[in-house]
1. List, in order, the whole-Hz ³J(HN,Hα) value for each residue of the stretch 4-11 obtained from phi through the Karplus relation with A = 6.51, B = -1.76, C = 1.60 and θ = phi - 60°; use x for Gly and Pro.
2. For a bin width of 5 Å, list the pair-distance distribution of the chain built from all Cα-Cα distances, rounded to whole %.
3. Leaving out ligands, DNA and RNA, and with a 1.4 Å probe, what % of the accessible surface on the chain is carbon or sulfur?
4. Which net charge results for the neighbourhood of Pro86, defined as the other residues with beta-carbon distances under 11 angstrom from its beta-carbon, given Lys and Arg at +1 and Asp and Glu at -1?
5. What does the accessible area per residue of the chain come to in Å², with a 1.4 Å probe and no ligands, DNA or RNA counted?
6. Compute a Gaussian network model of the chain, connecting alpha carbons closer than 10 Å, and tell me which residue from Val65, Val40, Val101 fluctuates the most.
7. To test your reading of the geometry: what angle, between 0 and 90 degrees and rounded to tens, separates the Cα axis of helix 60-70 from the longest principal axis of the chain?
8. Using R₀ = 30 Å, calculate the FRET efficiency as 1/(1 + (r/R₀)^6) where r is the Cβ-Cβ separation of Lys58 and Glu93; round to 0.05.
Amino acid sequence: MVRERPWENAARQGDYILERLKPCLESDHVGDIGGLGLMVGIELVEDKATKKKFDPSKRVGAEVVSQMRRNGILIREFSDRIGLGPPLIATSEDVDRVMNVLIPLLQSVKAG
């Protein structure tokens, strides 16, 4: 652990994830993105201007998680938030694989 310093990789890759996700903030249904290291949260909202949450019965976050799983990527859903938590040793290539699936999904979230 001391020699490989995985916490430094986590900080670098976490910054890279946040940078890759920035364009998603232009989506009508991504309210906020934040994180620390490799723990990243993405807030999904029905109305970005008011930050109104989706009706839980629509299961918007669950659908994003389901689509990710179909692509072999595990993420977590907390009602109106999506949570990423890759391993501390994740590489830029690992991050790119996740982002190449996640970003189009986030940009395609619809209110109805």
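1. 8, 6, x, 5, 5, 4, 4, 5
2. Pair shares across the bins are 2, 12, 23, 24, 18, 10, 6, 3, 1, 0, 0.
3. Of all accessible area on the chain, carbon and sulfur atoms account for 54 percent.
4. 0
5. 60 Å²
6. Val101
7. Computed tilt is about 50 degrees.
8. 0.35
The values are calculated or read from the model by the stated rules, or taken from the named source; none is laboratory data. All of these numbers come straight from a predicted model, not from anything done at the bench. Because the Cβ atoms are built from the backbone with ideal geometry, glycine has one as well, and the counts that use them run over all protein chains shown. Areas reflect the complete protein model, heavy atoms only, side chains present, ligands, DNA and RNA absent. Shrake-Rupley method; radii C 1.70, N 1.55, O 1.52, S 1.80 Å.
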